[in-house]
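To keep things clear, I will list the structure first and then write my remarks on it.
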Amino acid sequence: MKKWFVLILLSLVSVMTVFSQSGVVEIFSWWTGGGEEEALLATIADFEQLYPNIKVINATVAGGAGTNAKAVLKTRMLGGNPPDTFQVHAGWELTDTYVIPGLMEPLTDYLKLWDVYDKFPAGLIDIVSYEGEVYSIPLTVHRSNVIFYNKKLFKEIGLTKEPETWKEFIDALEKAKAAGYIPLAMGDKEKWEAGQIVENLMVAEFGAVNYNALFNGELSFNDKRLDSALEKMVQLMNYVNVDHAALAWQEAARLLYDDKAVFNLMGDWAEGYFKTLGWVPGEDFGWFELPGTQAVFVLISDTFGLPKNAPHRNNAIIFLEYLASVRAQEIFNPIKGSIPGRIDADPGDDPYLIETAEDFRILAISPSIVHGSAAPEAFVTSFNDAVNALVTTKNISQAKQMILWAAEDVGLVTK
Amino acid sequence: MSVQKKKARAGFFIILPSLIFIGIFVYYFIFLTVRTSTSNWNSFSALVKGEYQFVGLRNYQRLFKDPRFQTDLWNTLFFTLFFLAGCVGIGLFLANIIDKKLKGSNFFQNLFLFPMAISYVVTGTVWGWIFAPGNLPSDPQGINLLFQKLGLSKFQWMWYTSTKSIGKFNLALIPVIIAAVWQMSGYVMAMYLAGLRAIPEELIEASQVDGATGTQIFWKIKMPMLRPITLSAMIVIGHMSLKIFDLIYAMTGSGPNNVTDMPAIYMFEQMFRSNRYATASAIAIIMLLMVAVVIIPYLYYSFRGSK
Amino acid sequence: MAEKASKTSTIVYYIILIIFTIFYILPFYVTLSTSFKPFEEVSIATMWNLPKKPSLQGFKTAYRKLQPNLKNSFYLTIPATLISAMIGSINGFALSKLKFRYSNFLFALILFGMFIPYQSVLFPLIQFFQKTGLYGTIPALIITHVIYGIPITTLMFKNYYEEIPDELIEAASVDGANVWQSYTKILLPISIPGFVVVIIWQFTNIWNEFLFAVTITSDPTKQPITVALVNLAGSQVVQWNVQMAGALLAALPTLIVYIILGRYFVRGLLAGSVKG
């Protein structure tokens with residue numbers, strides 16, 4: 001009864017807003033370069049065509065892979081001067097920083113009103129929810145448990161089939177090593193790159209359900225499977241380029257393009273990078289999931305939320321409804337090189353994206369640690385530090401201890 | 001009121017605004033940082049709520065147990081030691097050569113001082129590229145490539161990405177120390193040069209008449225005269241070194257297993273990446289204490305003499 | 001203090017000087033040669049080579065990207081330098097010519113502010129600017145540099161004025177000049193060299209400063225050049241020719257100041273040390 005009332009009220013409000021839609025809406029993001037910027041501008045242009053009375057203020061903050069933007073956003077939110085809506089990674093990056101302090105509005109009722117609540121996979125809705133309410137709308141989706149490889153070298157070292165098991169993967173790495181190539185290109189100058197590999201190994205060891213349970217506080221981090229994930233990381237270190245600590249992820253990915261390295265485990269933004277270098281997906285480079293994670297989609301997603309006291313709240317809601325539409329998602333994602341958050345949107349004609357979108361529809365979803373979805377930022381830095389120590393000292397018990405401390409610090413289970 | 005008193009009063013009132021500003025922006029702010037460092041403000045939500053909860057020295061205790069912070073302290077120690085030794089050693093050495101007034105010594109003097117004018121950020125960017133090791137042994141880069149071209153391949157190593165250490169001294173600090181010495185040794189040289197030029201000529205000439213050799217003159221006459229300069233140089237370089245940030249941030253970051261990490265970098269990360277304001281403040285206060293241990297005695301002795 | 005050097009030792013000295021020259025020039029060489037290379041020519045393998053086809057492409061791109069930040073740096077550095085020099089001069093006058101009880105102790109209290117790691121005031125400072133609504137603006141940075149510049153400028157002027165005989169001031173006050181007049185009429189006109197030294201020093205320091213710049217301004221359109229330079233490397237593929245050209249652009253103003261007024265620069269360095 002009460003719910004109905006809210007829905008009617010909301011629809012009345014939105015009908016009213018259709019008539020009163022004018023003025024501006026300020027969108028805050030760190031999409032300032034390359035395909036991201038292009039995608040954002042194309043989407044804004046389309047929105048302004050649909051709603052000619054609403055002018056979009058495109059407030060972007062460049063630099064430091066979003067770190068500058070996050071700093072500006074914190075200040076604005078603290079100072080009571082929020083934008084109308086802002087880009088944020090799905091999950092804890094939003095929850096811990098803004099939802100728990102009570103700075104965000106729940107969006108569940110709107111999603112239901114717009115009839116899009118079930119157009120996103122349940123696993124993704126879980127990630128963007130806190131205590132049963134959705135707090136942000138997913139626009140883009142990236143996958144991080146993908147290994148890309150140089151097809152020419154792959155053939156040259158005598159491989160015919162993509163590795164499916166850990167053993168096959170190690171064998172393939174051995175072959176690459178024997179042929180004098182860098183088996184696994186890694187660039188962990190900014191630390192998260194190595195952390196990302198470990199989180200994927202954790203997914204492989206725990207499986208999606210148990211991995212997610214770690215971060216729901218249902219499963220203790222003090223688990224043998226964490227040890228084995230760390231052991232596998234140590235094993236992988238036999239196959240990476242010696243200067244990994246001096247490289248950023250692009251420089252590592254470029255080793256594939258330069259025919260120096262065979263494999264690269266990286267989020268699928270690397271696919272977009274290979275394409276800008278002029279490589280053709282499926283011809284010059286191939287991909288497969290990290291063995292053991294074939295049934296899981298490790299996810300990074302850009303979402304948009306609604307801050308309390310948004311200065312142009314009505315326009316913000318109109319814009320969010322637009323972002324949740326198939327139309328907007330199909331404009332934005334192919335340009336950025338990501339897949340739509342909605343499972344009923346068309347991913348475009350890139351073979352990698354088509355395949356990934358298909359996986360996204362059917363696979364279990366796990367949130368990324370290092371991109372802020374699974375746990376608070378304080379955990380992320382300590383986790384990266386632990387992995388960073390592991391990579392150099394190969395000391396598994398110490399790394400595990402550091403991860404346990406970090407988990408304990410943010411209230412996760414370690415007993 | 002006497003003229004003297006009037007003047008003294010005027011002097012005090014001229015200084016007063018500066019005293020107030022320094023009082024607030026230095027001493028009061030330090031107090032606030034101490035206060036934050038003993039609080040539970042270790043998440044953004046705690047900060048937003050703004051409820052101050054005193055946790056005593058817990059943040060400090062955790063830091064001293066934290067392996068990364070321990071590494072930071074060792075790194076600071078060794079960095080400071082070698083940075084100081086490098087600057088004072090090279091500075092003194094070059095000052096003595098320039099002081100010979102060879103032809104073109106002005107040119108050399110200016111050249112060695114040049115790096116001083118440049119931002120650590122620029123220096124760090126450039127040296128970071130020079131010392132990038134490349135994928136050894138097949139694809140050397142930077143200085144390693146230069147070594148290869150000069151037939152010195154056996155000197156190639158991983159530079160600031162090396163995880164080797166001698167005791168607690170991380171070898172990865174060597175390229176950072178080189179960059180820092182490159183930047184600051186000219187400054188120390190200039191200080192010594194001024195000191196050397198202030199030594200009365202008669203003193204040297206008199207000892208030459210007495211048959212003193214160059215080495216003797218250097219150790220017996222020049223060095224004692226230069227002692228205050230050495231102290232000044234060590235204070236300036238030392239306090240710079242204890243809070244080094246820009247150079248590391250631009251050149252290496254914290255490096256594999258924090259081999260080039262410093263308290264300032266860790267503090268920055270805790271504050272702006274992890275939202276651990278209390279921990280970050282504790283690091284800042286520890287840094288302040290390290291500097292204070294050096295500076296306060298120095299200020300005390302500098303001002304004790306002159307009333 | 002020239003001692004007569006023998007011929008062999010002269011040669012040895014020159015060899016030593018040349019070795020050090022190579023060390024000091026090395027980064028300049030890499031920066032210059034890389035910045036003049038077109039993008040296609042920038043590769044690790046040819047890093048030590050001179051550009052084959054010198055090109056201004058790197059500089060053009062770097063200038064296009066950094067031009068707003070260069071402007072920010074000027075907007076920040078010029079007022080901050082001038083204001084802090086003025087304050088330093090007045091303070092230096094008071095502390096050297098109008099000594100009062102405890103003036104040395106109070107001076108030491110001020111001076112301590114020059115040595116503190118700025119990290120220890122950073123968090124309250126940011127909160128202060130957030131509360132006053134100045135956070136992220138150039139004026140916030142100007143205020144910061146002026147206040148934390150008080151110790152060093154005061155020190156430099158105090159040292160400078162202490163060289164000037166007290167009799168000059170006393171003579172003026174006998175002639176009936178009040179304190180303010182003896183400052184503006186007597187001291188200020190002979191302070192020009194002092195100002196040059198302090199201005200060069202402050203200009204270089206503020207221009208090159210990074211910690212405040214990166215923490216007080218997070219909006220790239222408001223950031224000074226040092227921060228923008230670091231961010232230049234942080235995005236996508238590092239174009240080293242642009243990066244190095246950017247580094248040169250960022251260093252250029254201070255280098256020019258240094259080349260023109262180098263003599264004063266050395267003096268400034270020395271005045272900056274607490275006591276010789």
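The values are calculated or read from the model by the stated rules, or taken from the named source; none is laboratory data. Note that the structure is a prediction, hence the values are computed from the model and not measured. Neighbour counts are summed over all protein chains in view; Cβ atoms, including those assigned to glycine, are modelled from backbone coordinates with ideal geometry. When the accessible area is computed, the model is the full protein with side chains, heavy atoms only, and any ligands, DNA or RNA have been set aside. Shrake-Rupley method; radii C 1.70, N 1.55, O 1.52, S 1.80 Å.
Using only Cα coordinates, the Kirkwood hydrodynamic radius of segment C:59-272 works out to 18.8 Å. For residue C:37, the residues whose amide H sits under 5 Å from its own are C:55, ignoring neighbours fewer than 5 places away on the same chain, with H placed 1.01 Å from N.
Three semi-axes describe the equivalent ellipsoid of segment B:18-305; taken as square roots of 5 times the Cα gyration tensor eigenvalues and ordered largest first, they are 39, 29, 15 Å.
When the charge dipole of segment A:66-133 is built from unit charges on Cβ atoms (+1 for Lys and Arg, -1 for Asp and Glu) and taken about the Cα centre, the candidate among A:83, A:107, A:94 whose Cα reaches farthest toward its positive end is A:83. In this view, the solvent-accessible surface of residue A:166, computed with a 1.4 Å probe and all protein chains in place, comes to about 50 Å². For the pair segment A:331-376 / segment A:67-110, the C-alpha centres are spaced 22 Å from each other. A 1.4 Å probe run over the protein chains yields, for chain A, 37 Å² of accessible area per residue, whole-number rounding. Across B:204, B:283, B:14, mean-square fluctuation computed from a Gaussian network of chain B (C-alpha pairs under 10 Å connected) peaks at B:14.
Placing a label point 7 Å from the Cα of residue A:165 along the Cα-to-Cβ direction, the residues of segment A:286-306 with a backbone N closer than 20 Å are A:288-296. Against the criterion of solvent-accessible heavy-atom surface with a 1.4 angstrom probe, C:173, B:162 sort, most first, into C:173, B:162.
Interface size, chains B and C: roughly 9100 Å² of accessible area buried, both sides included, 1.4 Å probe, rounded to the nearest 100.
To the nearest 0.05, what FRET efficiency results for residue C:252 and residue B:93 with a Förster distance of 25 Å applied to their C-beta separation? Efficiency, rounded to the nearest 0.05: 0.25. Ranking B:163, A:325, C:147 by how far each Cα lies toward the positive end of the dipole of the protein assembly as shown (charges on Cβ) leaves C:147 at the top.
Between residue C:6 and residue B:52, the modelled labels are 7.2 nm apart [label points 7 Å from Cα along Cα→Cβ].
Sorting A:223, A:344 by accessible area puts them as A:344, A:223; the probe is 1.4 Å, largest comes first, and only protein heavy atoms count.
In the calculated pair-distance distribution of segment B:109-233, the portion above 25 angstrom amounts to 50 percent of the Cα-Cα pairs.
Measuring heavy-atom accessible area with a 1.4 angstrom probe and counting protein chains only, the residues of segment A:66-92 that give up at least 40 Å² relative to the chain alone are A:67, A:68, A:74, A:75, A:78. How would segment C:1-96 be classified by its alpha-carbon gyration tensor: rounded, prolate or oblate, with rounded meaning a/c under 1.5 and the a/b versus b/c comparison settling the rest? Verdict is oblate for segment C:1-96.
Carbon-plus-sulfur accessible fraction, the protein assembly as shown (probe radius 1.4 Å, protein heavy atoms only): 62%. Positive contributions from Lys and Arg (+1) and negative ones from Asp and Glu (-1), summed over other residues with Cβ under 12 Å from the Cβ of residue A:405, come out at 0. Within the listed set B:34, B:294, B:209, the Gaussian network model of chain B (springs between alpha-carbon atoms below 10 Å) gives the highest mean-square fluctuation for B:209. Here segment B:144-187 is scanned for amide nitrogen atoms under 13 Å from the site 7 Å beyond the Cα of residue C:16 along Cα-to-Cβ, giving none. Counting only heavy atoms of the protein chains and using a 1.4 Å probe, residue A:313 has close to 80 Å² of accessible surface.
For residue A:287, the accessible area of its heavy atoms, probed at 1.4 Å with every protein chain present, is near 30 square angstrom.
Here's the list of lysines a cross-link from residue A:415 could span, going by alpha-carbon distance under 23 Å and ignoring same-chain residues fewer than 8 apart: A:224, A:400, B:65. Between residue A:38 and residue C:46, the modelled label-to-label distance comes to 2.8 nm, taking each label 7 Å out from Cα in the direction of the beta carbon. Segment B:62-183 has equivalent-ellipsoid semi-axes of 29, 22, 13 Å, by the square roots of 5 times the alpha carbon gyration tensor eigenvalues, sorted largest first.
Counting only the Cα atoms, the protein assembly as shown fills a convex hull of 193 Å³ per residue. When the Cα positions of A:202, C:17, A:49 are compared along the charge dipole of the protein assembly as shown, C:17 comes out farthest toward the positive end, with charges on each C-beta of Lys, Arg, Asp and Glu. In whole angstrom, note down how far apart the Cα centers of segment B:128-178 and segment B:65-115 are. Distance between centres, Cα-based: 20 Å. In a reduced charge model with +1 at each Lys and Arg Cβ and -1 at each Asp and Glu Cβ, chain C shows a dipole moment near 560 debye about its Cα centre. Could you work out which residue, out of A:161, A:232, A:55, moves most in a Gaussian network model of chain A, that is, has the largest mean-square fluctuation with Cα springs under 10 Å? So, out of A:161, A:232, A:55, the one fluctuating most is A:161. Think of a 1.4 Å ball rolled over the protein heavy atoms: segment C:71-185 then has 38 Å² of accessible area per residue.
Extending 7 Å from Cα along the Cβ direction at residue A:405 and again at residue A:179 yields two label points whose distance is 4.3 nm.
Taken residue by residue and averaged, Cβ atoms of other chains lying within 10 Å of the Cβ of B:2-8 number 4. Peptide B:292-302 has a mean of 3 when you count, residue by residue, the C-beta atoms of other protein chains within 10 Å of its C-beta. What you get for the protein assembly as shown, charging only the Cβ of Lys and Arg (+1) and of Asp and Glu (-1), is a dipole of about 4280 debye around the Cα centre.
Each chain gives up part of its surface: C and A jointly bury about 900 Å² of accessible area, both sides summed, for a 1.4 Å probe. In segment B:209-257, burial by the other protein chains removes 40 Å² or more of accessible area from B:243, B:245, B:249, B:256, B:257, compared with the chain on its own (1.4 Å probe, ligands and nucleic acids ignored). For chain A, the Cβ-based charge dipole about the Cα centre amounts to some 540 debye (Lys, Arg positive; Asp, Glu negative; other atoms uncharged). The interface between chain A and chain B buries about 2500 Å² of solvent-accessible area in total (1.4 Å probe, ligands and nucleic acids excluded).
Given a 1.4 angstrom probe, what's the average accessible area per residue across segment B:18-305, in square angstrom? Each residue of segment B:18-305 exposes 38 Å² on average to a 1.4 Å probe. Using a cut-off of 10 Å between beta-carbons, work out the net charge of the residues near residue A:372 (Lys and Arg +1, Asp and Glu -1, residue A:372 not included). Counting the neighbours of residue A:372, the net charge comes to -2.
Within the shell defined by Cβ-Cβ distances under 14 Å, the residues around residue A:119 carry a net charge of -2, with Lys and Arg each +1 and Asp and Glu each -1. Rounded to the nearest 10 degrees, the inclination of helix A:166-178 to the longest alpha-carbon principal axis of chain A is 60 degrees.
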